[in-house]
Amino acid sequence: ARSQFLCVCLALCLCLIDANLKYGKVIALRHAESGVNLYASATASTHPGSSLQNQVVGVEFQDSSCYWRILPATGVEFKSVEGQPIRDADVVRLQHINTKKLLHSHQGYVSAVTQRQEVTGFNDATILDRNDNWILRVMAPKPGEPWTLGIGARFMHQSSGAKLFSEPGKAHSNFTSGYQEVAASMQEPETLHGMYEWQADHVDTQCETGKPVDTCIQTLVGDSAAKKSTEFQKFLQIFRAWDDERFKHLNDDPNNTPKEISIYCPQNPSVNIQELDYTLQAQGDCMVLNLQSPHLEAKLSLKCSTSDTKKSGDTPPPSDE
């Protein structure tokens, strides 16, 4: 009973976290194909044919050098869109948290390894340069949908039409500091589609209030990542502090039987709890949690030992045979 209650509360907690990405938020961008994070530093690009601007690469770790703030297009006043959801086909800029430079690309300069179009960190938010603009294409069923956590997106450079790109295994010990190259590409054969896709990990709002960004990463995509979130940790602290006596009386309750819990998370979450199917109980399940939202569908089954299942006092009904 206690585990059922905790799972319901946790699922509702995660449902209520706003998954929409909004202007002004800080994110980490993760490459869908390889899993590397978009990283920038003050190190200059020095390969032949480079612009000598700040280096942008893909790294396997995640720290404050992977954090980017989402800004509107060049010439759009930030206050006019701050806090509004970012949608498919919006034109955005990405400002690096540490260096304050913008994600930038330009024709006429090649990348270090694959000789595609160079991507760098350049300019600050006060400079009006269309080469800092990227057209967001959300990997969603309908045009114009908001960009949310867990949903992939492509970034098309507004001036050149090339897309933000990274290819696993393409690195150089010196020119990319040993990390995976990030470039912009207009080539799009079927085999390379996944190399254009990026997903956002949300960074805690502490990053937006001047607190140290190294302590504020909050990933809300995937089971293991969700356990790192601030909301999840607060949730655990609350329930770990509860006294076991609160739940002791449930142990002897004859109605304390295995349950199937279904939670749907649109704007107003709904919960449905029913007796767990006896077929599933016979397989050793003692609880099934179904979690569904417009962009997510997940199922969690908790297994019990045979002895635990028998202690619940449940006996499967006789068969029809």
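The values are calculated or read from the model by the stated rules, or taken from the named source; none is laboratory data. Every value quoted in this text rests on a predicted model; they were computed, and no experiment measured them. Quick reminder, even Gly has a Cβ in these numbers, built from the backbone with ideal geometry, and neighbours come from all protein chains shown. Side chains are part of the model used for accessible areas, which takes the heavy atoms of the whole protein and leaves out ligands, DNA and RNA. Shrake-Rupley method; radii C 1.70, N 1.55, O 1.52, S 1.80 Å.
Answer yes or no: is there a residue in the stretch 53-61 that is assigned to a strand (DSSP E or B), modelled with pLDDT of 95 or more, open to solvent by 50 Å² or more (accessible area, probe 1.4 Å) and in contact with a Lys or Arg (Cβ under 8 Å, 6 or more places away or on another chain).
No.
Within the stretch 132-147, work out how many residues are free of Cβ contacts under 8 Å to residues at least 60 places away in the same chain and under 14 Å from residue 95 (Cβ atoms).
2
Give the residues of the stretch 172-199 that are assigned to a helix (DSSP H, G or I) and surrounded by 15 or more Cβ atoms within 10 Å (Cβ to Cβ), sorted by residue number.
Selection gives 195, 196.
Assess whether residue 125 counts as being under 20 Å from residue 199 (Cβ atoms), aliphatic (A, V, I, L, M) and open to solvent by 30 Å² or more (accessible area, probe 1.4 Å). Walk me through how you get there before you give the answer.
Working: under 20 Å from residue 199 (Cβ atoms): no; aliphatic (A, V, I, L, M): yes; open to solvent by 30 Å² or more (accessible area, probe 1.4 Å): yes.
It is false that residue 125 is under 20 Å from residue 199 (Cβ atoms), aliphatic (A, V, I, L, M) and open to solvent by 30 Å² or more (accessible area, probe 1.4 Å).
Tell me, which residue of the stretch 103-122 that is hydrophobic (A, V, I, L, M, F, W, C) and touching a His at 6+ places or on another chain (Cβ under 6 Å) is surrounded by the fewest Cβ atoms within 10 Å (Cβ to Cβ)? Write out each step before concluding.
So the first thing to find is which residues in the stretch 103-122 are hydrophobic (A, V, I, L, M, F, W, C), and the list is 103, 110, 112-113, 119, 122.
Next cut, touching a His at 6+ places or on another chain (Cβ under 6 Å) only: 112-113, 122.
Values: 112: 25, 113: 17, 122: 20.
The selected residue is 113.
Being at pLDDT below 95, crowded, with 21+ Cβ neighbours inside 10 Å and not in a loop (DSSP other than H, G, I, E, B) is the requirement here; does residue 11 meet it?
The answer is yes for residue 11.
Looking only at the stretch 128-154, filter to residues that are surrounded by fewer than 18 Cβ atoms within 10 Å (Cβ to Cβ) and basic (Lys, Arg); which one of those is modelled with the highest pLDDT?
Across the stretch 128-154, the extreme among qualifying residues is 130.
Evaluate the stretch 76-83: report whether one residue or more is open to solvent by less than 40 Å² (accessible area, probe 1.4 Å) and either under 29 Å from residue 172 (Cβ atoms) or of a type in the set (S, T, N, Q) (or both).
no
When the residues of the stretch 34-52 are filtered to those that are open to solvent by less than 30 Å² (accessible area, probe 1.4 Å) and part of a loop (DSSP other than H, G, I, E, B), which remaining residue is nearest to residue 123 (Cα to Cα)?
Just the residues of the stretch 34-52 that are open to solvent by less than 30 Å² (accessible area, probe 1.4 Å), to begin with: 36-38, 40-41, 45, 47, 50-51.
Next, only the ones that are part of a loop (DSSP other than H, G, I, E, B) stay: 36, 45, 47, 50-51.
On the way: 36: 24, 45: 15, 47: 20, 50: 16, 51: 13 Å.
Among them, the one singled out is 51.
What residue, among those in the stretch 155-166 that are free of Cβ contacts under 8 Å to residues at least 60 places away in the same chain and open to solvent by 30 Å² or more (accessible area, probe 1.4 Å), is nearest to residue 84 (Cα to Cα)?
156
With respect to the numbered conditions (1) assigned to a helix (DSSP H, G or I); (2) touching a strand residue (DSSP E or B) at 6+ places or on another chain (Cβ under 9 Å), which one is the sole condition not fulfilled by residue 79?
Residue 79 satisfies all of (1) assigned to a helix (DSSP H, G or I); (2) touching a strand residue (DSSP E or B) at 6+ places or on another chain (Cβ under 9 Å) except (2).
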